[in-house]
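The values are calculated or read from the model by the stated rules, or taken from the named source; none is laboratory data. As the structure is a computational prediction, the values presented were derived from the model and not from experiment. Backbone-built Cβ (ideal geometry, glycine too); neighbour counts: all protein chains shown.
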Amino acid sequence: MRNFFYRISSAAARFMYGRNGGDQLNAALLALYLVLCVLQTLFARFRPLSLLLQLLTLAAAVLVMYRMFSRNLPKRQAENMRFLNWWRPIQIRLNGMKQRRLDKDHKYFTCKNCKTICRVPAGKGKIEITCPKCGQKIMGKS
Ligand SMILES: [Zn+2]
């Protein structure tokens with residue numbers, strides 16, 4: 001039985017050799033596919049919308065397959081890079097938001113002028129903050 005699994009996995013490895021396989025863009029497309037599956041179930045009763053969702057779900061699945069088995073590696077890698085260039089700043093912002101929510105000792109204010117995030121100790125009452133970057137005054141409660 002082990003030999004059987006070994007044969008299957010080595011055949012799969014041989015098949016995938018020189019193909020794109022999974023990258024970050026494919027992981028994202030797969031996540032999108034799952035979200036679309038859920039939406040499709042949720043909106044199954046709304047005819048035109050559910051048809052559109054079905055099409056999008058199918059398109060996402062086809063795209064994942066196509067990119068996974070593609071042999072055009074430079075093109076797939078370029079796509080993945082474009083995706084990462086778009087996604088990384090979002091991911092960094094999401095991580096920052098999560099960290100600020102977990103930080104109970106500080107309050108965070110965003111400068112309206114230059115969008116710099118200013119951190120102040122929590123529990124000081126009403127305060128006036130001066131933005132360290134542009135000098136804009138921010139009024140806030142900490
Ligand atoms: Zn500022």
Which is under 30 Å from LYS137 (Cβ atoms) and either surrounded by 12 or more Cβ atoms within 10 Å (Cβ to Cβ) or modelled with pLDDT under 95 (or both), of ASN26, ASN113? ASN113
Given the stretch 1-81, what helices (runs of 4 or more DSSP H) lie entirely inside it while holding 2 or more residues that are within 18 Å of the chain's Cα centre (by Cα)? 24-42, 47-69
Report yes if GLN99 is at pLDDT below 95, under 25 Å from the mean Cα position of the chain (by Cα) and not aromatic (Phe, Trp, Tyr), otherwise no. yes
Checking ARG14 against (1) surrounded by 11 or more Cβ atoms within 10 Å (Cβ to Cβ); (2) basic (Lys, Arg); (3) over 25 Å from GLN91 (Cα atoms), which test does it fail? (1)
So if I check each of LEU84, LEU94, which one is within 15 Å of ALA28 (Cβ to Cβ), within 14 Å of the chain's Cα centre (by Cα) and surrounded by fewer than 13 Cβ atoms within 10 Å (Cβ to Cβ)? LEU94
Output the qualifying pairs, or none if there are none: Cβ atoms under 8 angstrom, residues six or more apart or on different chains, first residue in the stretch 78-89 and in contact (Cβ under 8 Å) with a residue 60 or more places away in the chain, second residue in a helix (DSSP H, G or I). LEU84/GLN24; LEU84/LEU25; TRP87/GLN24; TRP87/ALA28
